[in-house]
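J.: Okay, here's the structure, questions in a sec.
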Amino acid sequence: MAKINRSERGGRNGSERVKAWVYSVLNPLMEALRAESLALSKKYITWRYTSAEMEFIVPTRDLISPTARPNYDDLLRGYPELKPPMLRRDEKVSALLESALKCWEHLTRYKFLQPIVENYLKQWSEEGNPYPGGAVPKDEFWLLIAELLTNNAGDLPFHYTTKPFWSRFRQNILPLRAGLPFSELEKSITELKKTDEALIESLDQARSNLCDEYDIPAAPL
Amino acid sequence: MILDAGPLLDLLLYRYWSEQGRPIDDNRLVCRKQFNVGPEQLSRFLGTCRAIIFVPGVFVEVGRLARDEIRRSTRRAQDRALALFWRVAIRELRLMGADERWTKFLLLDSKFVEELGPADAALISCAQEAAEERVPILTHDERLWGRCQRERIPCMVTSDILRSIT
């Protein structure tokens, strides 16, 4: 009887390697990209004033757990068709970061937002309300508000001390998301979202092909 | 409100999933499974509290429970998931204006340490120190709640939230 291409465990040779691609790279990546796409549909870019970076929107390789990154690199060698859509996404992430930085600079560099927020804060305090910034130092409170503005924040969670302040003043603050930097930001958000969706489709197709070819389930049993 | 590990973990997991845009599976949270309290209700209740206090010992338990939960829900890729969890946790605690109170282990009442363990003993010690402020402990742990009742230490079990917000 001719020897067929089977490993000792009974699966097709290479199936363990492919499982590593699917379970430690493709699945987490698709999950992260779907979450990112949802956040982007709300124009939430996970901007943080403390780092002046987007917390969860990062290059594709960084979306993978460090221990699984060798599997990611191996996937790109073994399945090079995935490389171009990933590179396209990384370019869009860089473009979004650049747009976000310009907005941040616009809001903070000339401190045009600072006196506005401090005015609202003064009004808030004079009405006898407690400081709304939680453990954020008072001199950084306006930066926290700039972060909410950059992230197009809607309702905040009830347990945030900033919630009552933001609920009261956000209709005055959110219209400051205007001007060229913000229209560029919106454009970058739309482009990244589109690229994410295309990448999810490519990853889904790749997973399907690999599962069929190696007869493995799409998620571990 | 002095937070025990259970409600704190539920709140942090809820926020961790929300921040990433992941659907919230209430049934993975003890507040929902055991007490029929949703994470939004927990958040709303904490928003009405004058002060939110935590003791560092509770974070040892939160860390262990979060690792187990994340291991169950992600199977692999735990290291990144846990790093993100802690990043979200620190931010949440800052934005909720939580106040950290230190309790020295060697000054804890050994009776409580022996009976309930160091984290619960630290919660009791914190509640006793804040006796004048009458700040209760919020816990999922009915054993701790019962012990506090006997010692006349203000304590709420999570289902009490439903009474306080209706």
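The values are calculated or read from the model by the stated rules, or taken from the named source; none is laboratory data. None of these values were measured; they are calculated from a predicted model. Here the Cβ positions follow ideal geometry from the backbone for every residue, glycine too, while neighbour counts run over all protein chains shown.
J.: Working carefully through the options A:VAL93, A:VAL58, find the one that is part of a helix (DSSP H, G or I) and under 22 Å from B:ALA81 (Cα atoms).
T.: Criteria check complete, one pass: A:VAL93.
J.: Right, here's the next one. In segment B:59-80, which residue that is among the aliphatic types (A, V, I, L, M) and away from chain A (no Cβ under 12 Å) is nearest to A:VAL22 (Cα to Cα)?
T.: Applying the filter and picking the extreme gives B:ALA66.
J.: Could you list, ordered by first residue, the pairs with Cβ atoms under 6 Å in which the first is in segment A:35-59 and more than 16 Å from A:LEU143 (Cβ to Cβ) and the second is at pLDDT below 95 and among the hydroxyl-bearing types (Ser, Thr, Tyr), at least 6 apart or interchain?
T.: Pairs that qualify, where the first residue is more than 16 Å from A:LEU143 (Cβ to Cβ) and the partner is at pLDDT below 95 and among the hydroxyl-bearing types (Ser, Thr, Tyr), are A:PHE56/A:THR46; A:ILE57/A:THR46.
J.: Also, quick follow-up: Might you let me know whether segment A:119-142 holds any residue that is outside any loop (DSSP other than H, G, I, E, B), crowded, with 20+ Cβ neighbours inside 10 Å, within 13 Å of another protein chain (Cβ to nearest Cβ) and touching a residue at least 12 places away in the same chain (Cβ under 8 Å)?
T.: Taking every residue of segment A:119-142 in turn, at least one turns out to be outside any loop (DSSP other than H, G, I, E, B), crowded, with 20+ Cβ neighbours inside 10 Å, within 13 Å of another protein chain (Cβ to nearest Cβ) and touching a residue at least 12 places away in the same chain (Cβ under 8 Å).
J.: Here is a follow-up. What do you reckon, is A:GLY154 under 27 Å from A:ILE57 (Cβ atoms), outside any helix (DSSP H, G or I) and touching an Asp or Glu at 6+ places or on another chain (Cβ under 8 Å)?
T.: no
J.: Checking A:THR162 against (1) crowded, with 20+ Cβ neighbours inside 10 Å; (2) closer than 23 Å to A:ALA35 by Cα; (3) within 11 Å of another protein chain (Cβ to nearest Cβ): exactly one of these is not met. Which one?
T.: (2)
J.: Still on this structure: Do we have A:LEU148 as within 14 Å of chain B (Cβ to nearest Cβ), in contact (Cβ under 8 Å) with a residue 40 or more places away in the chain, closer than 20 Å to A:ARG48 by Cα and crowded, with 17+ Cβ neighbours inside 10 Å here?
T.: no
J.: Select from segment B:105-125 the residues that are closer than 10 Å to B:VAL55 by Cα and of a type in the set (D, E, K, R) and list them in ascending order.
T.: B:ASP120
J.: Please pick out the residue among B:ALA83, B:ALA122 that is crowded, with 20+ Cβ neighbours inside 10 Å and either within 14 Å of chain A (Cβ to nearest Cβ) or not charged (D, E, K, R) (or both). Before you say what the answer is, go through the steps one by one.
T.: Numbers: B:ALA83 fails: crowded, with 20+ Cβ neighbours inside 10 Å.
One residue alone meets the criteria, B:ALA122.
J.: Here is a list: B:ARG80, B:ARG50, B:ARG76. Which entry is in a loop (DSSP other than H, G, I, E, B), within 30 Å of A:GLU31 (Cα to Cα) and at pLDDT below 90? Let's see the steps before the verdict.
T.: Values: B:ARG80 fails: in a loop (DSSP other than H, G, I, E, B); B:ARG50 fails: within 30 Å of A:GLU31 (Cα to Cα).
That would be B:ARG76, the only listed residue that is in a loop (DSSP other than H, G, I, E, B), within 30 Å of A:GLU31 (Cα to Cα) and at pLDDT below 90.
Yes/no per residue for (1) crowded, with 18+ Cβ neighbours inside 10 Å; (2) modelled with pLDDT under 95; (3) out of contact with any Leu (no Cβ under 6 Å at 6 or more places or on another chain):
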{"position": "A:ARG34", "(1), (2), (3)": "no, yes, yes"}
{"position": "A:ALA52", "(1), (2), (3)": "no, yes, yes"}
{"position": "A:ALA68", "(1), (2), (3)": "yes, yes, yes"}
{"position": "A:GLU91", "(1), (2), (3)": "no, no, yes"}
{"position": "A:GLU105", "(1), (2), (3)": "no, yes, yes"}
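J.: Sort out which residues of segment A:28-81 are touching a helix residue (DSSP H, G or I) at 6+ places or on another chain (Cβ under 7 Å), of a type in the set (Val, Ile, Thr) and facing chain B (nearest Cβ under 9 Å), and write them in order of number.
T.: Selection gives A:THR46, A:ILE64, A:THR67.
J.: Please work out if A:GLU186 is within 12 Å of chain B (Cβ to nearest Cβ), within 15 Å of A:HIS106 (Cβ to Cβ) and charged (D, E, K, R). Walk me through how you get there before you give the answer.
T.: Working: within 12 Å of chain B (Cβ to nearest Cβ): no; within 15 Å of A:HIS106 (Cβ to Cβ): yes; charged (D, E, K, R): yes.
Judged against the criteria, A:GLU186 is not a match.
J.: Quickly run through segment B:31-58 and pick out the residues that are more than 14 Å from chain A (Cβ to nearest Cβ), within 24 Å of B:PRO118 (Cα to Cα) and buried (at least 19 other Cβ atoms within 10 Å of the Cβ).
T.: B:VAL55, B:GLY57, B:VAL58
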